[in-house]
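Structure, as C-alpha cells:
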Amino acid sequence: MTPIHSFKSAAAEKRSHQSYFKIGLSVDCVIFGYADKELQVLVIKSDLKEFAGQWSLLGDLVRPEEDIDEASYRVLEERTGLKNVFLEQAQAFGECDRHPSGRVVTIAYYSLIDINNHKLQFNENELSWKPVRTLKKMAFDHRKILDTCLQRLREQVFEKPLLFNLLPVKFALRDLQELYESVLGEPLDRRNFRKKIAVKEWLRDTGELERSVVHRPGRLYAKSQSGKR
C-alpha cells in the first residue's frame with residue numbers, strides 16, 4: 001500500500017514555530033594588518049551602552065534583503081571605504097547570550113590587507129588599528145571570534161601564501177620571518193624558516209637590495225606567480 005504523505009504549508013510551519021523565526025543574523029569582519037612588527041586588527045568602539053568604552057570588530061545585522069556575503073562586504077565598505085577586499089568565511093557563533101538585545105547568530109569573516117596600501121575612512125566611532133595582543137577584553141564575544149580567526153590563519157600560513165597580503169610588493173626575507181613570528185606568536189629558527197619557504201616556490205628574487213638600512217642590505221623578494229592566491 002502506498003503511504004499517504006501529509007504536507008503542511010510554509011505559513012503553517014511559521015505559525016507553529018513563531019519563536020524560531022525571531023533570531024537575528026549578523027556578520028563580523030576580522031581584518032588583519034601588520035605594522036611596527038606586530039599583527040594588527042581593525043576595530044571600532046562599540047556604540048552599545050552595555051559595552052561602553054570597549055573595542056569591537058566591524059559588524060552589523062544582516063538586512064532582510066541581503067545574503068550573508070553581501071552583508072559582509074557592505075559592512076566593510078560602509079565602515080572603512082574598502083572595496084574588492086577578499087573575505088573568507090570562518091565560522092558561525094551562536095551562543096544564546098552573546099548579544100544583549102536578544103538571540104543573534106553571527107557569521108565571522110576574515111581578511112588580510114597591507115595597511116600602507118589601503119586608505120581607510122577613519123570617521124566614526126574611533127575606528128583604529130590595534131595590536132592583537134593588546135586586546136584583552138572586547139565587546140560581545142569578539143575576542144573569541146578574533147582568536148578563532150587567528151588560529152585558523154595560523155593553521156594555514158605554511159600551506160597557503162596568505163601572509164604576503166600583509167607586506168609591501170617587495171620585502172626582505174628578514175621582514176617575512178618577522179611577520180610569521182608575529183602571527184604565530186613564537187620565534188622561528190632562521191635556517192629552518194628559509195628552507196620551508198624556499199620549497200614552496202612562493203618567492204621571486206627581484207635582483208634588488210634593501211636601501212637605507214643600518215644592517216647589511218638583504219635581497220628583496222616579491223610574490224611569485226605560483227604564490228598568487
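Read the figures in this text as sums done on the coordinates, not as results from a lab. What you see is a predicted model; the values in this text were computed from it and never measured. Using ideal geometry, Cβ is built from the backbone for each residue, glycine included, and neighbour counts are taken over all protein chains shown.
Please tell me the relative contact order of the chain in percent, rounded to the nearest whole number, where contacts are Cα pairs under 8 Å and at least six residues apart.
20
Run lengths n ≥ 4 of DSSP H only: what is the helix-derived mean residue ellipticity at 222 nm for the chain, with -39500 (n - 2.57) per run over all residues, to the nearest 500?
Calculated from helices alone, the mean residue ellipticity at 222 nm is -8000 deg cm²/dmol.
Go through (i) 19.4; (ii) 17.5; (iii) 20.1 and flag the label whose value is the computed Kirkwood radius over Cα pairs in Å for this structure.
So the structure-derived entry is (iii).
State, to one decimal in nm, how far the label point of Q121 lies from the label point of A12, with both points 7 Å from Cα in the Cβ direction.
It works out to 4.9 nm between the two label points.
Rounded to the nearest 20 debye, what is the charge dipole size of the chain about its Cα centre when +1 sits on each Lys and Arg Cβ and -1 on each Asp and Glu Cβ? All intermediate terms of the calculation are to be shown ahead of the outcome.
On the way: 38 positive and 33 negative charges, 134 e Å.
So the dipole magnitude of the chain works out to roughly 640 debye.
GNM, the chain, Cα, under 10 Å: largest mean-square fluctuation among L112, L188, L153?
Highest fluctuation among the options: L188.
Once amide H atoms are built 1.01 Å from N in the peptide plane, which residues 5 or more positions from D60, or in another chain, come under 5 Å H to H?
V27
Cα centroid distance between the stretch 176-210 and the stretch 62-129, in Å?
30
Across the stretch 36-46, in residue order, what do the Karplus-derived ³J(HN,Hα) couplings come to in whole Hz, using 6.51 cos²θ - 1.76 cosθ + 1.60 with θ = phi - 60° and x for Gly and Pro?
6, 6, 9, 6, 10, 9, 7, 10, 9, 5, 5
Please check: in the Gaussian network model of the chain (C-alpha springs, under 10 Å), which one of L48, L150, L203 has the largest mean-square fluctuation.
Of the options given, L48 has the highest mean-square fluctuation.
Pick from T206, T80, T106: which is most flexible by mean-square fluctuation in a GNM of the chain where alpha carbon atoms under 10 Å apart are linked?
Residue with maximal mean-square fluctuation among T206, T80, T106: T206.
Just to confirm the number: angle between the C-alpha axis of helix 142-156 and the first principal axis of the chain, 0 to 90 degrees, nearest 10?
50
Which percent, to the nearest 5, of DSSP beta bridges fully inside the chain are antiparallel?
Given both bridge residues lie in the chain, the antiparallel proportion sits at roughly 70 percent.
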